[in-house]
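The values are calculated or read from the model by the stated rules, or taken from the named source; none is laboratory data. The shown structure was predicted, so the numbers you read here are calculated from the model rather than taken from an experiment. A quick note on method: Cβ atoms are made from the backbone with ideal geometry, for glycine too, and the neighbour counts reach across all protein chains shown. Heads up: the accessible areas ignore ligands, DNA and RNA and are worked out on the full protein's heavy atoms, side chains in. Shrake-Rupley method; radii C 1.70, N 1.55, O 1.52, S 1.80 Å.
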Amino acid sequence: MPLQEATEKESLNFNQLCTFESFEEVWSHYGYKSDFKDVIEREFSRTKGITYLDHAGATLYPESLVREFYQDISRNVYGNPHSHNPSSRLTHDTVEHVRYRILQHFNTTPDKYSVIFTSGCTAALKLVAESFPWRPPTATEPASQFCYLTDNHTSVVGIRGVTSALGVVSLPVSPEEIEARAKDVAQSECRSCQTPHLFCYPAQSNFSGRKYSLGYVRGIQARKLYPACDSQGRWFVLLDAASFASCSPLDLQEHPADFVPFSFYKMFGFPTGLGALLVRNDTAALLRKAYFGGGTAAAYLAGESYYVPTPNIAHRFEDGTISFLDIIALNHSFDALHTLTGGMDKVQLHTFGLARYTYMLLSSLCHGNGQPVAQIYSDSEFENPSTQGAILNFNLTDCHGEIVGYSQVDKLASLFNIHVRTGCFCNTGACQLFLGITNQDVKSNLQAGHVCGDNIDLVDGRPTGSVRVSFGYMSTFQDCQNFLNFVVECFVEKPVKVDKEKLDRLKSNTSSKGSSQCKAITKEAKSQGKAQYLTNIYIYPIKSCAAFEVTDWPVGPLGLLHDRGWMVVNGNGVCLNQKREPRLCLIHPQIYLPSSTLLLQASGMDTISVPLENYSEPHQSHGVCQSKMCGDRVQTVDCGDEAASWLSEFLGQPCRLKRQSPDFIRNMKKGVSSTALSLVNEAQYLMINHASVDLLQRHITSRYSITCYYLISRFRANLVISGLDPFEEDDWSHLIIGNTHFQVAGRCGRCQMIGVDQNTGVKTKEPLLSLSAYRKGKVTFGVYLVHQSLDGSNATLSVGAPVMSQRSG
C-alpha cells in the first residue's frame, strides 16, 4: 500500500504500511544482484531469526570468506615473514599484496601512502599520538596544537592524554566552527614557523552517522579552515575512517589526509583484532619512534646506544611479527566484498536506502494521541548518502512525551532477537550535544553512580544515552520491517498514527533516489512539478558482457571512459555478441582505475586481471590485428593468453580478448560523423528513461500476467534518467547532464538481444513482442547520444546530476 494512502487512516495494521513496495517508492537501490535474497540465505544463514542492527559496532562476515580462508591456510604453509625460507617468502609476498589491495580500495598507490598494520583503529590512533613530532613552546615558536572535533570517538580525544604532558595545546572544535570561522582564502605559508599541528576529525560520526566534508582535509592543510587559519605552522590532518569505511567509498587521491586509521572488522566482520594506519609517505618522515621491536631495525647494538631504523616505513612501525594469518585473511575479505556487492559505491546506496526508509517511518510514527514516538538525533533528514551514513540514533518517547530509557528498549529488543547498540557509543561530545547534557551533568551523573557502558539510562528523568541502529551491506528490508514492527508493538499507544505532512515532505525529497549532487530543475519540469536527474550509470568494458554500475565516472573522448573498449572474438576472429553467445552476459568485468586493471569475474571461475593498456609483450600470433565488428573493420590489440584461456574455458569454445587499438580512430557512420567511437554499435552513449521501462513492464504484466525481473538491465543503457513522462525522450534533440552537453543522435532500434535475461543468459521472446505491440510495430527504445563541448579533460558524470532537455524543433 502506498505510504500516502496508509497515513490517511487513524488506526491501521502497520504491516500494511511498512511494505517493500512502499520502500521502492522512495529508494531505487536495493541489493546488488538478482539473487540478493539467495546470497543472504547462503552466506548469512546463521542470522536466520535474528535482526542484527549493530553494524557500526561490528559487521557480519559471509560464510564463504571463512571457508575460502580455511582452504587457503589448509593448502599453503605460511611462515614467519621475517625469515627467508620459501614459506616465509610466501607470507611476505602475500602480505605485500594485501597492502596493495588496501591502498587500491582507497584509490591510492604505494608511492603516495604506506600501510601500517595495527591491532585496530585505537592502536593506530595511539601510534600517531606517540610518534607525532609534538613541540613544546619556545621563545621563538608557539607550541604544537592538538585540535579535534568534539564529535569524535573516545580513542581520538584520548590523544590528549599523551599531549598534555608535553606542553601541547589541546583545542576542542565544534562542528559549526570549522567553516563559520574560516578565512576566505588560504593563509600564506610562514617559512619561519614550522611548528607541526594536528587536526583530527571523523569522516563519519559513529554517533549520528553524519558525514563531515572530506574537503576539510585540504582546507585544513591549506590553512583556510578553522582552527588552522588562525595559527601559523604546518597543519596535518588525521581522518578517522573507522565508521565511514564500513559502508562508504573513500578516495585518498582526492582527499589526501596525512593519517587514516580504521579497523577491518567494521568493514568485513572478519578478521577481528586487526586494523591499519595509512600514512602519507611525505608525512611519515616526520614521525618519531622511541621503542623499537623485532623487524623494525636496520641495525642496532646491544652494548651501545646505537639504533638505525629500517627504511621501510611500514616495517619501521610494526613492532614484532605482524598477525600475518589475519592479514592473509583480508585477501578473502576483499574478494567476498567485491563478489557479493560489486564495490563500496553500491554498498553505500544500499545501506543508506535502508537507513533513510527507517528514518522516514520512525520519525513520522505517532501515538494514538498524536505525540511523536521517537526523538531522533540527526543533523539531516537523510536526504543524501554523501552527507549521511547508515546510522540512526534516537530515543523512544511515551504518549506523554517522556523518554523511554534505552536500557528498557535494549532488553525488549533482545526478547525479539533484535540486536541494537545503546549508551553513548564512546562519543561523549556528540552525546552531550544531541541530548543536551552539560559538563556538570556528566560529573553529577557519575556521582549518582552512572559510568560509561552501564544500564543507568535515566537520571532524574533525563536520558544519559540513546539507542543506535546501523546497517551493513548484508542488511535487508526485512531488518527494517522487523525493527519498526517491534517499535509499534511494544512502544506505540494504539491506534497507530502517522504524521502525514512530515511523511509526504520526506517522500517528496527528490535526492532520495541516490543523488550526490545539488538538484536543478528545468523550466518545463518546474511547471509540471517534476525534477529530471541521472539515476544510474553503467559501463560495459567488454562488448556484450555484463554491466559495471558506478555512481560517478570520467568522460573520455569516446564516451564513458573504457566503455566497450574490449570485445571477445571466436577462434576465427569473429566478434561474439549475446545473439551468438548469450552466456557473455554472465561475465562480469570490473575496472579499477587506480591500478589500471580490468578484472574478469564469472561464477565458478577464478578472477583474473588484465592491464587497461600498454601491453608490452603481445602474443606473437595475436598482436595488433584487424577484426570485423558491426560492419566496420576495427584495429585491435590482443590481451594475451591468460585472458584467452579464461574466456575459452568459461564459454566452451576457443576465444580471445581484444582491445581497441589506441591508435585507431573509428567514426560514426551517420549523424555526427566527426564523432569518434569505441566498440559501440551506433553512438557514444545509450540513454533510457526509467518511466518508459516502467510503462513497458506494466504492459507486459497486463498482457501475460508475468513480471520481467530487472527489465531495465536488458536494454543495456549507459545512462538511466528519471523524472520524465514515458517515451518523452523520443522528441529530444539536446540535453545537459550536470555540466556535460549532449546531442541526441537518434533512437535505438531494438533486436532479439533484449530477450536475453542478463542474470541467467536465458533467451526469451519478451520484451521485444510487447514493445512491438505497444508501439504498434515500432521497436525503438532509448536514444543515442554524443557529447559536445566537454568541460576540459576531467569531465565526470555522477548519479543524481540534474538533467535539462530540449525538444526537437
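General remarks:
- Derived from the Cα gyration tensor, the three semi-axes of the equivalent ellipsoid of the range 254-397 are 46, 18, 15 Å, largest first.
- Of LYS126/LYS289; LYS579/LYS765; LYS112/LYS224; LYS211/LYS502, pairs whose Cα-Cα distance is over 18 Å: LYS112/LYS224; LYS211/LYS502
- Multiplying the residue separation of SER645 and HIS97 by 0.36 nm and removing their Cα-Cα distance gives an extension gain of 194.9 nm.
- With every protein chain in place, the chain: carbon and sulfur % of accessible area (1.4 Å): 50 percent
- As a length-normalised measure over Cα pairs under 8 Å and 6 or more apart, the relative contact order of the range 112-288 settles at 29 percent.
- Probe 1.4 Å, all protein chains present, accessible-area order of ASP457, ASP379, largest first: ASP379, ASP457
- Solvent-accessible surface of the chain, averaged per residue with a 1.4 angstrom probe and all protein chains in place: 42 square angstrom.
- Approximate spin-label separation ASN281-LYS765, in nm, with each point projected 7 Å along Cα-to-Cβ: 6.2 nm
- Shown are LEU53, LEU769, LEU90, whose ranking by accessible area with a 1.4 Å probe and every protein chain present, most to least, is LEU769, LEU90, LEU53.
- Rounded, prolate or oblate (a/c below 1.5 giving rounded, otherwise prolate when a/b exceeds b/c) for the range 380-451 by Cα gyration tensor: oblate
- Accessible surface of TYR70 - all protein chains present, 1.4 Å probe, nearest 10 Å²: 150 Å²
- The string of couplings for the range 679-687 from the Karplus curve (6.51, -1.76, 1.60, θ = phi - 60°) is 8, 6, 6, 10, 9, 5, 9, 10, 10 Hz, one whole number per residue in order, with x for Gly and Pro.
- A Förster radius of 30 Å, combined with the Cβ-Cβ distance separating ARG160 from ASP379, puts the computed FRET efficiency at roughly 0.75.
- Nonlocal amide H pairs with GLN388, under 5 Å, H built at 1.01 Å: LYS211
- Largest to smallest accessible area among PHE548, PHE20 [probe 1.4 Å]: PHE20, PHE548
- Applying 1/(1 + (r/R0)^6) with r as the Cβ-Cβ distance of GLN478 and THR140 and R0 = 56 angstrom yields a FRET efficiency of 0.30.
- Summing +1 for each Lys or Arg and -1 for each Asp or Glu among the other residues whose beta-carbon sits under 11 angstrom from that of HIS338 gives +1.
- Between SER772 and SER83, the modelled label-to-label distance comes to 7.0 nm, taking each label 7 Å out from Cα in the direction of the beta carbon.
- Working note: 222 nm ellipticity from helices only, DSSP H runs with n ≥ 4, each -39,500 (n - 2.57), summed and divided by the residues of the chain, gives -8000 deg cm²/dmol to the nearest 500.
- Heavy atoms of GLU21: accessible area, 1.4 Å probe, square angstrom to 10: 110 Å²
- Between GLU254 and ASP694, residue separation times 0.36 nm minus the direct Cα-Cα distance comes to 154.7 nm.
- Modelled FRET efficiency - R0 60 Å, PHE20 with GLU304, Cβ distances, 0.05 increments: 0.25
- Span-like helix ranges in the chain, DSSP H, alpha carbon extent 20 angstrom or more, Kyte mean at least -1.0: 86-105, 324-341, 344-364, 477-491, 690-704
- The distance between label points at ASN739 and SER174 comes to 3.5 nm (points 7 Å beyond Cα on the Cα→Cβ vector).
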